[in-house]
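What follows is a single structure, written as structure tokens, with notes after it.
The values are calculated or read from the model by the stated rules, or taken from the named source; none is laboratory data. Worth saying up front: this structure is predicted, and the values here are computed from it rather than measured. Because the Cβ atoms are built from the backbone with ideal geometry, glycine has one as well, and the counts that use them run over all protein chains shown. In case anyone asks, the SASA skips ligands and DNA or RNA and just uses the protein heavy atoms, side chains included. Shrake-Rupley method; radii C 1.70, N 1.55, O 1.52, S 1.80 Å.
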Amino acid sequence: MPQDSGFSSGTSLSRRHFLQVGAAIGGGLMLGWVPEGQAASGSELFAPNAFIRLDRQGKVTVVSPMIEMGQGTYTSLPMLVAEELDVDMSNVGVEHSPPNDKLYGNAILGGSQTTGNSSSIRAFYLPMRQAGATARAMLIAAAAEKLNVDAEALTTEPGYVVHAAGKQRLAYGELADAAAKQQVPTKVNLKDPSTFRIIGTAAKRLDVAGKVNGTATYSIDVKLPGMKVATVAASPVFGGTVASIDEAAALKVPGVHQVVKLDNAVAVIADHYWAAKMGLKAAAVTFDDGPNATLTTADVVSALAKAAENPGAVAKNEGDVDAAFAGAATKVEAIYEAPFLAHATMEPMNCTVHVTPDGCDVWVGTQIPTVAQQAVAKTLGLKVEQVRLHNHLLGGGFGRRLEFDFIVQAALIAKQAKDPIKVVWSREEDIQHDMYRPYYYDRFAAGLDEQGTLKSWSHRIAGSAIMARFFPPLFKDGIDPDGVDGAVDMPYAVPNKRVEFIREEPPGIPTAFWRGVGPTHNVYVIESFIDELAAIAKKDPVDYRRAMLADNPRALHVLNRAADMAGWGKPLGDRRGRGVSVQNTFGSYMCQIAEVTVSESGEVHVDRVVCAVDTGVAINPDTIIAQMESGIIFGITAVLWGVITLKNGRVEQSNFDDYRMLRIEEAPVIEVEVVKSSADPGGIGEPGTSALAPAVLNAVYAATGVRLRKLPIQPALLKTQ
Amino acid sequence: MTMLRSVLLSILPALAAGLFLTAGQATETAQLKAAKDFSSVSDERARSVAVFEEAGKVIQHPRCVNCHPAGNRPLQNDDGHPHLPLVVRGEDGLGAIGMRCTTCHGATNFEAGHVPGNPKWHLAPIEMAWVGKSLGAICEQIKDPKRNGGKTLAQIVDHMVNDDLVGWGWNPGPGRTPAPGTQKEFGELIKLWVETGAHCPTT
Amino acid sequence: MIDLNVNGKKVSVSVADDMPVLWVIRDVLGMTGTKFGCGIGQCGACTIHVDGEPRRSCITKTSELADREITTIEAIGDTPSGKAVQDAWLRLEVVQCGYCQSGQIMTAAAIIDAIPEPTDVDIDQGMSGNICRCGTYVRIREAIKEAAKAVAAK
């Protein structure tokens, strides 16, 4: 598998990269090919590669390498195939891919079959088109044979190979058998984007019919013969162990079958979730809290603050930051903090496992099918091939389902039973046994000249290095590439720039990727601090940024578009303000401008968010707009109320009554402009979230004159004096 | 006047203790003085007021006040924050279409979900709003047939003693501090208040 | 035994009186369209209709629904309001991950059933109990208005 540098935002799909991927696809094509003479099952006769199947009725099934979690992959990836294959989307269906890195690996994420980092289009834009074009070439070759003409004399119309001269056309379905016998071409031409018929249109989503009538199956909905349902309580303090269980009391609860003890958790298996839950309550489990029993948020923060006093691993060093700072006319220093956050997907964590003599089956909704498969194999002492993993639509991912903790837990529970066991976490368990967006502690030092121009920039980041756990080979020289993502590559031209990373792990607290990953944290602090500098320089925040984006035309363009759309500069009235944030993240360029109203008691209401986004070639503009709406609302929840706190080693929050979510009546007006571009496609699932917090915080400053450097927003700090 | 002051002074610590108890512990019930404890107050008017002030520990308790809001949104929990999610009075005090009280609140408390319930769950009409009002103002309101649903004093007693939704205040389920005393004790106080002339505190 | 009427069919279940009907629907009857999101009535994913009115099934005791008419997402499309809502949801591409949408649709159907021309305030006050983590609120609002118009047009 091509060894990409991994989590690189803005990876440009160079020709060399394409050929590397093409070779992998060539391998995939060969592996996926149904050999001549082999009777295929029923209607699946033509499977030229791992991504496409065509049946005799002309129905195309796209096997999607990336999982659908709402972000629209199950439509946009098939659109790429449909475009090049030349079929109408009404003839296309989509299927989950089985775990297989070789066939479905994501080149941007090191070749792993992983959906994340807003990389699905970036990774599969060319491979899916290649797959469609390859299948089309084979259909043409089959038709050429049948009609006894040269392939060059043939074209296609959606679903048909056409011989114009002979006034003949053959339906793809009719050609499926013959196409399966063709040689797979190693090189095919892709369409010129100016001829796109499907890409660039708001094609209707393929995954939603079942989602409006209750038939769509999420992993929590899995039903199997003989299946039992379990729920589980793990030690409330991370690192604690089970001390006592009243097993007899649990077994007395009607419907309870079994109590399973793991080192740090107890599961009760029953006929249904409610009996399992009541059984767990009756079990009255006690825990030895372990080494982290007294941990508080304050402990974590003071450790970070201490760590941040010293220089860290240098991730970027341009010019001479110290000299420029020393000689600066104005020196500005600031500390910014970002709290732990929970993911809170609507579908709580759950996984069904059936351990059998020959291996096991796993039914789960996951962003990491192969990594999960490997983890289960390792846990149960099986060969990878013995673990049959079945993926499902996700009821939200946001990075939570990049982890396999709950999957391994389910395997360990099922290992002690004989039936298929569906383990469902309560919402409390889901929030209190999340893997959290880390607490980050950032120190800035900026030097401005007499004109207020930014001349020296020092950004020191202290926090957990998620990558060191998630994929250790990418954690090199003390630098977490995700931890500095958005910081080392901020869009502004500054002659002297230094970014440092200090790894400081919170004791026992598991950390993980959270929507927007590194950029969500870095864009918040950077765009807030840039705003501070603009104020000190007595410059308009948009103008201040414009001046630093002269060499970054795409960033400048979205800034200008958003400012225009927002009516930047027009007065808003008392206790109302506008704030801006600009970013180049995940290969996309975005500017958001938020308008807020701050009440006398300091409550912030986000009234309107304007967003200009340049994501290169827009596969499905409606999906892009939807992801902006999604990211913005997700971001507003976090900026207003998002915080996970620790007391006595425990997460204090537990459910939606104390981990508050934005609701429909609180949602702002959202206006999105998708810039027309022919640049390589960027990612879109996450940047909407990473842009939001600073836009709101800067708007709050404009409305109240109060600069906030910690999240979530504390109304007490914004009360009218 | 001195009689009233000494009565007030003797009640204050109990009041303070009661308030402290209700704020501090989630489920421990504060005490309510018994009706007979007021027989030492010889002046009838003073006794009436003192009794009502004791009853005020219930009336102004979150369990009651939360559904007697000054606006259109019920309050919630012991800290009396606006009900989350957004819930409004609606046209009949039973909520907006789509978010009726009965959408979430059943006939009984749902303990596992910390959701209170009663067959008559609803918001008191706006003319019975208690939040932000002094005990004296609430008292006048309770006596006023134009603002109390046309009740006579006897009917008020009956309401306080026997109403099931009122009674919920003493059995609110986990996570919610019960009103002080018992409904029976509260009822006795209201009965005595009426018997002594139903006089209201001046503040 | 508790006798229930679910989507027009009579069914008897042998469960504890205070078992939330959500788990009867999902685990006992195997109807998984109604979702579990929080268990405390805060998210609305579990919304069903009881005699045509929305109820949070995760905090509703099964015994309370004996002989009442229960409607779930699987059958709401058989009603004019439910069908109109589903059609509008698809026309306006409301759905992202979709996990909350069963609950959203059940509540929306009840709103347009009772209010022929729902205003923004009606939508705010009626839909506030349904959380969407993917943030489809802007489209939900428009789709409710469209669905209401479609029902009125018939």
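Per-structure values
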{"quantity": "Set C:Asp51, C:Asp78, C:Asp67: member being more than 9 Å from every other protein chain (Cβ to nearest Cβ) and modelled with pLDDT under 95", "calculated": "C:Asp67"}
{"quantity": "Among the residues listed as A:Ala410, A:Ala377, A:Ala372, A:Ala344, the single one being part of a helix (DSSP H, G or I), touching a Gly at 6+ places or on another chain (Cβ under 9 Å) and either within 14 Å of chain C (Cβ to nearest Cβ) or open to solvent by less than 10 Å² (accessible area, probe 1.4 Å) (or both)", "calculated": "A:Ala377"}
{"quantity": "Strands (runs of 3 or more DSSP E) contained entirely in region C:37-143, each with at least 3 residues that are buried (at least 24 other Cβ atoms within 10 Å of the Cβ)", "calculated": "C:47-50, C:53-56"}
{"quantity": "Per-region count, region B:66-102, residues outside any loop (DSSP other than H, G, I, E, B) and buried (at least 24 other Cβ atoms within 10 Å of the Cβ)", "calculated": "3"}
{"quantity": "Per-region count, region C:6-36, residues aliphatic (A, V, I, L, M), open to solvent by 10 Å² or more (accessible area, probe 1.4 Å) and at the interface with chain A (Cβ under 9 Å from one of its Cβ atoms)", "calculated": "4"}
{"quantity": "The one condition in (1) crowded, with 24+ Cβ neighbours inside 10 Å; (2) away from chain C (no Cβ under 14 Å); (3) in contact with a His (Cβ under 8 Å, 6 or more places away or on another chain); (4) of a type outside the set (S, T, N, Q) that A:Asp361 fails to fulfil", "calculated": "(1)"}
{"quantity": "Residue pairs meeting the criteria (Cβ under 6 Å; at least 6 apart or on separate chains; first in contact (Cβ under 8 Å) with a residue 60 or more places away in the chain, in region A:354-368; second crowded, with 23+ Cβ neighbours inside 10 Å and basic (Lys, Arg))", "calculated": "A:Thr366/A:Arg401; A:Gln367/A:Arg401"}
{"quantity": "Lone qualifier among B:Lys146, B:Lys120, B:Lys191, B:Lys184 - being surrounded by fewer than 15 Cβ atoms within 10 Å (Cβ to Cβ) and assigned to a helix (DSSP H, G or I)", "calculated": "B:Lys184"}
{"quantity": "Selection from region A:380-396 of residues that are outside any strand (DSSP E or B) and buried (at least 18 other Cβ atoms within 10 Å of the Cβ)", "calculated": "A:Leu380, A:Asn391, A:His392, A:Leu394, A:Gly395, A:Gly396"}
{"quantity": "Search result, residues across region C:104-137 that are away from chain B (no Cβ under 11 Å) and either in contact (Cβ under 8 Å) with a residue 60 or more places away in the chain or closer than 14 Å to C:Lys83 by Cα (or both)", "calculated": "C:Ile105"}
{"quantity": "So A:Gln583, is it within 14 Å of chain C (Cβ to nearest Cβ), under 22 Å from the mean Cα position of the chain (by Cα) and crowded, with 24+ Cβ neighbours inside 10 Å", "calculated": "no"}
{"quantity": "Filtered residue count, region A:263-288, keeping only those that are out of contact with any Pro (no Cβ under 8 Å at 6 or more places or on another chain), of a type outside the set (Lys, Arg) and either touching a residue at least 60 places away in the same chain (Cβ under 8 Å) or not in a loop (DSSP other than H, G, I, E, B) (or both)", "calculated": "15"}
{"quantity": "Residues being under 24 Å from B:His81 (Cα atoms) and among the basic types (Lys, Arg) - total across region B:122-164", "calculated": "1"}
{"quantity": "Filter result (of a type in the set (Gly, Ala, Ser), more than 28 Å from A:Val237 (Cα to Cα) and assigned to a loop (DSSP other than H, G, I, E, B)) within region A:499-539", "calculated": "A:Ala537"}
{"quantity": "Top-ranked residue of region A:660-685 - restricted to ones that are at the interface with another protein chain (Cβ under 8 Å from one of its Cβ atoms) and of a type outside the set (A, V, I, L, M, F, W, C), ranked as farthest from A:Ser119 (Cα to Cα)", "calculated": "A:Glu665"}
{"quantity": "Residues of region A:239-289 classified as closer than 21 Å to A:Asn648 by Cβ and open to solvent by less than 20 Å² (accessible area, probe 1.4 Å), total", "calculated": "4"}
{"quantity": "Residue check for B:Glu127: of a type in the set (Asp, Glu) and modelled with pLDDT under 95", "calculated": "yes"}
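Conditions tested, residue by residue: (1) crowded, with 24+ Cβ neighbours inside 10 Å; (2) within 21 Å of A:Pro193 (Cα to Cα).
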position	(1), (2)
A:Phe51	yes, no
A:Leu85	yes, yes
A:Ser90	no, no
A:Ser120	yes, yes
A:Ala135	yes, yes
A:Leu139	yes, no
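Condition check ((1) assigned to a helix (DSSP H, G or I); (2) at pLDDT 95 or above; (3) out of contact with any helix residue (DSSP H, G or I) (no Cβ under 9 Å at 6 or more places or on another chain)) across all residues:
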position: A:Leu13; (1), (2), (3): no, no, no
position: A:Ala24; (1), (2), (3): yes, no, no
position: A:Gly28; (1), (2), (3): yes, no, no
position: A:Val34; (1), (2), (3): no, no, no
position: A:Val62; (1), (2), (3): no, yes, no
position: A:Ser90; (1), (2), (3): yes, yes, yes
